[in-house]
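One structure follows; several queries about it will come next.
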Amino acid sequence: MAFSIGIKKHIARWQQAGLIDEVTADLLRKDVEKTRSGFGLGGILAVLGAVLLGAAIISLVAANWEVMPRLVRVVMIIVVLWIGYVGGAWRASLGDNRFSQALYLIAAITFGAGIALIGQMYHLSGDATEAALLWTAGTMVAALLLRSPVLVATGVAITALYLFMVLDTNDSHTYSWLLPVLLFISAGLVWYTKAQIARHFIALVLMAYVFALYDDLSGDWILWLAAMAGGALFLGDALSTAVLQRLTGWSKAIGAYGFLMLLLVLSYFQFDRFDSEVSDQVIIGFGILACAIAGLVLSGYRNLAVRWMSYTVFSLEVLYLAFKTIGTLIGTASFFLSAGVLVLLLAAFVVRMERRLQKKIAQAEGAA
């Protein structure tokens, strides 16, 4: 909603400046209304309310769990599930995309709580990771049947919970293949339900999975393979945007997450593997600086996320390298003086680069 309001203000300004006529302005406003996401502030508040209400239900039931008869406990869980899923489907059939998703979320939270409480009540065998898997499976099935974007995002979030739980069990043989399968199924559900937010969750969980797998197997090849894959995705967006967009519909975000994966791997090697070796840190640091500059040159003019990641990483890396090399050789006052000069030079660099990028953006828009 906030983005559409901002765009409408720009449209009004363009119309007043004579850049577009009234007919074009009306067409642009209609297009904004048609294509904007219906899940604005109201939807966010509805989901937040659903989370709080779900937590309240769980707390209330857990606090009075021992004094309730078993049949009442089971019936209460089933009733909440019924209200959440059936009520959500009813609201969705009326075109309500906010409270329907909130009701689905309440049902999903209740389903997870029900697994834990019923397992405790009947002393069922199993551990927390198996319960998380059952919770994930049930949520994904519900997302498929109800075509709910919120349930897809919730399923991915529970998958992340499963990952963090399984790391304590040292059962790498299971999650190493099972988690990619779950994320692949989630990607299919994203395509089926048009779940925009869940795609970001999948990318973040996938990056966490890479580092978890590396921590378990202690193989440098895992991180280098992830870095190469991230670099390839970044280059795919930077050099073949139209092709990647046609194949995925998510070119800019894929390029940005690939770029982030590359930077994370290089930063990990710089700070963790070569913590005591200044020369190795400097070599990796120059590699990070080269990646930041490549991000600006190849993709910064059109991919805002890559652009600001490049600025941030470049600035922090320059300051860090100055601290590790020059800072250890000079006094405190001299270092602060040098750091101040560096920050001013970085500011000048950003200003000049922004001007160049704006010209490149104007040229790209003119060519289009």
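How much of the accessible area of segment 161-270, probe 1.4 Å, is carbon plus sulfur, in whole percent?
72
While we're here: Treat segment 209-256 as a sphere of radius equal to its Kirkwood radius over Cα pairs and apply Stokes-Einstein at 25 °C in a medium of 0.890 mPa s; give the translational diffusion coefficient in µm²/s, rounded to a whole number.
212
Ignoring ligands, DNA and RNA, what accessible area per residue does segment 97-217 give at 1.4 Å, in Å²?
For segment 97-217, the per-residue accessible area is 48 Å².
Assuming 1.567 mPa s and 4 °C, estimate D for segment 119-255 with Stokes-Einstein, Rh taken as the Kirkwood radius over Cα pairs, in µm²/s.
Translational D for this selection: 80 µm²/s.
If K252, K9, K324 are ordered by their accessible area, calculated over protein heavy atoms with a 1.4 Å probe, which sequence runs from highest to lowest?
K9, K252, K324
How large is the accessible surface of D168 in square angstrom, using a 1.4 angstrom probe and rounding to the nearest 10?
Looks like 130 Å² after rounding.
Of M228, M165, which has the most accessible area with a 1.4 Å probe, and how do the rest follow in descending order?
The ordering from most to least exposed comes out as M228, M165.
Right, another one. Heavy atoms only, 1.4 Å probe, whole protein assembly: order E22, E354 by accessible area, highest first.
Reading off the accessible areas and sorting them downward yields E22, E354.
Counting only Cα, what are the radius of gyration and maximum Cα-Cα distance Dmax of segment 138-208, in Å?
11.8, 35
For a 26 Å ceiling on Cα separation, which of these pairs sit above it: K194/K360; K252/K360; K194/K252; K30/K359?
K194/K360; K30/K359
Report Rg/Rh for segment 72-144, rounded to two decimals, where Rg is the Cα radius of gyration and Rh the Kirkwood radius.
The Rg/Rh ratio comes out at 1.03.
Same structure, new question: Need one value: the accessible area of W250 in square angstrom, 1.4 angstrom probe, rounded to the nearest 10.
Spelled out: W250, probe radius 1.4 Å, area about 40 Å².
The values are calculated or read from the model by the stated rules, or taken from the named source; none is laboratory data. It should be emphasised that the depicted structure is a prediction, and the values quoted were computed from it without experimental measurement. Calculation scope for accessible area: heavy atoms of the full protein, side chains included, ligands and nucleic acids excluded. Shrake-Rupley method; radii C 1.70, N 1.55, O 1.52, S 1.80 Å.
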